[in-house]
Every structure is written in structure tokens, then in C-alpha cells.
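Peer 1: One structure coming up, written as C-alpha cells, with questions to follow.
The values are calculated or read from the model by the stated rules, or taken from the named source; none is laboratory data. Note that the structure is predicted; figures quoted are calculated from it, not measured. Note that we place each Cβ from the backbone using ideal geometry, even for glycine, and neighbour counts take in every protein chain shown. To get the accessible areas, we keep the full protein, side chains included, count just its heavy atoms, and leave off ligands, DNA and RNA. Shrake-Rupley method; radii C 1.70, N 1.55, O 1.52, S 1.80 Å.
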Amino acid sequence: MFSKLKFLFLLLFFVKISFAQNQRIDSLKHLAIETNDDSLKAYYYEHIAFQQSKDFPHEGLEFAQKALDFAEKSKSTKRIAGAQAALASNYRSLSSYSEAIDFNLKALKNYRSLGDSASVAAIYNNLSLVENKLGNSLKALEYNYSALTIYDKIQQGRNKAIVKENIANIYFNIKDYHQSKKYYKEALSTYHSLGNKADLARCYGNIARLFHIWEEYDSSKIYLNKSIALNKIEDKEVGLLINYSNLGNVFLETDKIDSALHYYFLANKTAHRLNLTNFIATTSGNIGTAYLTEYKNHTKAEQLRNAEKYLKRAVSLCDSIGFVAPKIEFSKELVELYELKNEYQKAFILLEETKAEEDSLNNLENKKVIALLEHQREQEIRENEIALKDKEIEIKQLNNQKRLLGLILVISILSVLILIGTVVYIYRIKRHKSQMSEIKQLQSHEFRGPIASMKGISKLMRQRVQEGKKMDDLITAVYDLSEKMDNIVKRIINKSNHN
Amino acid sequence: MGKILVIDDSFYDQLIFKEIVESLWPEATVATVDSAEEAIDFLSLNAEKAEQLPDYIFLDIKMPTMDGFGFLSHYPSILQNMQKNPTIFMLSSSLDPSDIEKANASPHVHSFLEKPISNEFIEGLKQK
């Protein structure tokens, strides 16, 4: 009966283009005004824009635009790219995803032209985060894999691990838990070797969700406790809040309502302290659900009152921030509660409302599923095409090799013929000493010429076969040169006949 | 140090030379002329412009109107005005000892090379 309760929060890690230091915005503004250098101005505004993107994206956007103006004035590609990335980052924070993609792609192009691999990888990562937000999981995966390849080359271990963790998150979302686990484990082993506690805490927490899905609650608890311990050391309150909430879920699944409530309340308190409405809403809903469960076991009126209070609060908060899926879940709990209280009229109205919302959500979800399938189908077609092309190239290379073998055979036969011709010729000229000088001329120049050329052509053939290049001109050359040799042989024969 | 001028009437020998140099020494630039007369024109026209002049000249012997040795006899007079002193190699298919002797006797020729040009020679030139 608890299986519908699945508010497991995903910890997504955002990697942005990293800067050496986090200077104060005021001092950066000051520096930007002081300097006369446009590219420096662009540089400072770009920094400010990045720092603002997290909390004040509207302001950040203005600074990013300023950065872009100065960057364009200074004609520095690097600064232009930086400003574009800053614009993208702020647009993403404002949920203007199409603009975010647009500017990321522009920045990508510029960073590519500069050969700045690390920044290219960072942009790939930003693109994957945007695509993930849009529900394009596969596109997000593609971008992540591109970033992974680059980090592999430039040996940035931590960034590589972060990308792997993001890949694992995406696989988790599309319910490929096997792949998800694989990537979490790979990321985890890197974090272990680097010893960064915050990274470890986040990754442990994410792995715990996998065990929860697999109903291996004991393992899930172990990982959550590891994560909690590390988050406490690192003072990561949001991390702790998520851990508490997930731990509460584990206890609720295993029917330990008291413990579940304990952790839900811890999470709820933290959410209040940090003033995070979405977490206040979900933790309140969880508390309400836990009370309702307890009421069904013990039928105490107080528990029912508590359940109603928290569920109502959760539903209204979810409604205020447009948190549709949790709202539906909590509303259903509330319907059940009204039924238990015999308030059928209330139950009926709420049920009607919830059903309508659920239908529209399902429609949306269905569209996403269809889009996903469509994308998978396209990818499959593309892969097939690539495989087909590979086959074609293979066959071509085989044919080339066959042709080359044939040519080599022809050349060797010709060479032997020429050799015999030369021997006969030399033998004859020895008998005709009077024509010695003319013959020498023929031998050293005319005769050697095409043979040397043939040697050169065969050298090129070997080279081109290895590189898989076309050889049409060389084949013509072989024909021309052999005809030349043929003519010389004919002339020699004529001469010797005359003598 | 990678400008090369090839003086050779044979289209195929030009092609062979170019492709071998391209694959072993991609930074080098290879210019070709089909006759000794063309080479003389080119060098005297660009005598003042050091950046246009080659570092190395590869000279064929047997060519229809003026041969390699004909070029060499004209060479001292062009060299006087030239801003650069290219190294000349004779690249020929001839095995005639008298050709080789004559080539080696010329003060402007660095050495006599047999066609087709060997990879080792180009590699060696690249190292210089």
C-alpha cells in the first residue's frame, strides 16, 4: 500500500565553467568600471554574471549581456564564448531553455574554434543539464558522453566522475537502474581516491535511492547513513534534508512509522530553516501520509487530525508553486482521509479535481514517452546507417587491396619482361660496339626513366592503399608508363634487326 | 626552411615527388616547373624576394629543350642577384656514370640522387 509513495529527491549536480576564485561581486564591479580594456571589462562582467546566475538570474542576464557587448568590441573569441556561456547559464536559471541551448551552442562553436577542450566539455555538460530539464534524456546522455570523452583525454578525474554521476542520474530517471548503478559505482571509486567528502556524500545518497527502488531497504539505510555522516561534516544542509527525507521513506516502507516521522520532521525543520518551499511542501505531505498510516493501525483521533493538517498544507503549498505530481499524490491521501472521516461530499469533490489534474499530467507524460520512443527509433536508424557505411568502407578497402595485388602482378611481369629485354639488348649491343654511345644514351635515359617512374608510382600505391585513397590517376600512370616502355622495347628490337 | 622547387618535365615524376614529400614532411611546400627555361624565368623574376625563393632545388637531367646541365650553365648569372642561395640536388633516373660525374663536378650541385626520391632522404632534409 505504500508503494505509491515515492518522493525520492534527485540530487543533480551542476557543473559550470569553473573559475579560479570567487571574488566579491562589488569588487568585480569596481574593477570592471576602473579598467579601460574592453576584454578585461568583458571578463569581469562575465564573472559577475556567472555568480549571479544561481540566485539572481535577472541581474545576471544583464551583466552577461554587458560582457557580450564588451567582448564583441574587443573581438576576443574567448571572451565572446565566455559571455555566451554566461548568458546560457542565466537563461537556464530562468527556465528559458531554448535561449539557454542557443547560447550554449554558440559558445560551443567558439570554444571549439579556440581548441579549448575543457570549456567545450563544460558546455556539453551544461547542454546536457538543459536537455534533461526538457525531458530529452537521450540527448542529455549524448552530450554527457561527449563531455566524458574529452575529460578522458585531458585527464580531469573529478569532472569525469561528476559527468558519470550525471549520466547515472539520467539512467535512474529513465528507469535503467542497471546502467545507473554501473555509473554511480565508477564515479564513487573516483571520489574515493580523491577523498572529496561532499562528492562522496552526494553519490552515497544517490546510490541509496537505487537500493530503495530495488526494495533492499537495509542497504539503502546503510548508504543514507554514510551520506548523512559526511554531509554533517561538510555542513551540507540541503544534502542532509534530502537524506532525512529519503530515510523517512525507507522507514515508512518498512512500517516503522515512528522512525519515519522522526526523520520527516528533521527534514521539515531543515526545509523551514532554509526557507525552501518545495521541500517544505513535500516533507509536510510525507508527515501527513505517515500520520494517516498510523491512524489506520491505531485509529487515534489525534493522528487523523495531524494527518489532515499536514496533508492540507502540503496540497496548498504544492498548488502555489505548481508542483503537480506531488500535489496529486497528497490529494489522493487526503481523499482517503475524508472517506475515513465519512466526509464523502468533500472526498468526492477533491477526487474529481485530482482525477482531472492527473489526466492532464498523464497526457504530458505520455507525450514525453512518445518523444522518447521516437528519439530511440531515430537513433536506431542512425546506428544502422553507420553500420551499413562501415560495411561499405570495408568492402571498398577489400576491393582496393585486390586491385593493388593485380597491379603489383602486372608490374612485376612487366619488370621481368623489361629485364629480359634489357639483357637481350645489352647482349646485342656488346656485339655492336660501333653503336655503343647511342645505346648507352637509350639505356641510361630513356629506358631508366619509365622504370624509375614505375617504382615511384608503386610506392604511392602502397601509401594510398594504407590511407584508403583513390588511385585512378596512378592506374592511368601505370598504363602510360608501360606503353612508353613497350615503345622503347619495340625501338630496340627494330634497331637490332637493322644491325 | 621547407620551400622546394622541382624542375622536371615528367608529370608523373612531379606527382611522385610531391606526394612523397607531402606525406613525410607536410610543412614543406613544393613548387614545380616543367622546364629549365621556366625555372630560370621564375628565379630571375623573384631574385629580390627571398621569401619567394626556394631553399632546395631538385633538378632533372634529361629534359626536351634545355637539360639540367644547360640550367646549371645559366645558373651563376641568376644567382648573382638572388637573395637566397638554394641547395641544388640533381634528381635523375640516369645511371650513366658520365652524368653522375658531370653533376658532381658542378660547384652548384650538392649531390646526385637517383629517382624515385627515397623516404630517408626527405626525412634527413626535414631534420636539417
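Peer 1: Out of the residues in the range B:80-108 that are under 12 Å from the mean Cα position of the chain (by Cα) and in contact (Cβ under 8 Å) with a residue 40 or more places away in the chain, state the one that is nearest to the other protein chains (Cβ to nearest Cβ).
Peer 2: Step by step, filter the range B:80-108, then rank; the result is B:91.
Peer 1: Could you check the range A:296-305 and list, in sequence order, the residues that are part of a helix (DSSP H, G or I) and either modelled with pLDDT of 90 or more or basic (Lys, Arg) (or both)?
Peer 2: Once the filter is applied, which keeps residues that are part of a helix (DSSP H, G or I) and either modelled with pLDDT of 90 or more or basic (Lys, Arg) (or both), the range A:296-305 yields A:296, A:305.
Peer 1: Can residue B:19 be described as out of contact with any helix residue (DSSP H, G or I) (no Cβ under 9 Å at 6 or more places or on another chain) and at pLDDT 90 or above?
Peer 2: No.
Peer 1: Cβ contacts < 9 Å: first residue within 15 Å of residue A:245 (Cα to Cα) and without any contact (Cβ under 8 Å) to a residue 24 or more places away in the chain, restricted to the range A:221-233; second residue open to solvent by less than 40 Å² (accessible area, probe 1.4 Å) and among the basic types (Lys, Arg), any location; separation 6+ or different chain. Result?
Peer 2: Cβ pairs passing all conditions: A:223/A:209.
Peer 1: Restricting attention to the range B:1-13, and to residues there that are hydrophobic (A, V, I, L, M, F, W, C) and more than 12 Å from chain A (Cβ to nearest Cβ), which single residue is nearest to residue A:461 (Cα to Cα)?
Peer 2: Checking each candidate, the answer is B:6.
Peer 1: Do you know which residues across the range B:64-116 are among the aliphatic types (A, V, I, L, M), under 16 Å from residue B:9 (Cβ atoms) and open to solvent by 20 Å² or more (accessible area, probe 1.4 Å)?
Peer 2: If the condition is that a residue be among the aliphatic types (A, V, I, L, M), under 16 Å from residue B:9 (Cβ atoms) and open to solvent by 20 Å² or more (accessible area, probe 1.4 Å), then B:66 is the only one that fits.
Peer 1: Report, by residue number, each residue of the range A:316-343 that is in a helix (DSSP H, G or I), over 23 Å from residue A:297 (Cβ atoms) and of a type outside the set (Lys, Arg).
Peer 2: Passing the criteria: A:316, A:317, A:318, A:319, A:320, A:324, A:325, A:326, A:328.
Peer 1: Specify the residue that is farthest from the other protein chains (Cβ to nearest Cβ); the eligible residues are those in the range B:14-39 that are hydroxyl-bearing (Ser, Thr, Tyr) and open to solvent by 40 Å² or more (accessible area, probe 1.4 Å).
Peer 2: B:29
Peer 1: Could you please let me know if residue A:363 is polar (S, T, N, Q), open to solvent by less than 90 Å² (accessible area, probe 1.4 Å) and under 42 Å from the mean Cα position of the chain (by Cα)?
Peer 2: no
Peer 1: Among residues belonging to the range B:40-58 that are open to solvent by 10 Å² or more (accessible area, probe 1.4 Å) and of a type in the set (A, V, I, L, M), point out the one that is farthest from the other protein chains (Cβ to nearest Cβ).
Peer 2: B:50
Peer 1: If you don't mind, another one. Scan A:177, A:184 and give me the residue that is among the hydroxyl-bearing types (Ser, Thr, Tyr), free of Cβ contacts under 8 Å to residues at least 40 places away in the same chain and surrounded by 23 or more Cβ atoms within 10 Å (Cβ to Cβ).
Peer 2: Checking each option against the conditions leaves just A:184.
Peer 1: What's the total number of residues in the range A:463-477 that are open to solvent by less than 60 Å² (accessible area, probe 1.4 Å) and facing chain B (nearest Cβ under 10 Å)?
Peer 2: Counting residues in the range A:463-477 that are open to solvent by less than 60 Å² (accessible area, probe 1.4 Å) and facing chain B (nearest Cβ under 10 Å) gives 4.
Peer 1: Having 1 or more residues that are under 22 Å from the mean Cα position of the chain (by Cα) and under 24 Å from residue A:322 (Cα atoms) is the bar; report the helices (runs of 4 or more DSSP H) wholly within the range A:38-111 that clear it.
Peer 2: A:38-55, A:77-93
Peer 1: Any idea how many residues of the range A:318-357 are of a type outside the set (Val, Ile, Thr) and open to solvent by 40 Å² or more (accessible area, probe 1.4 Å)?
Peer 2: Total satisfying the criteria: 23.
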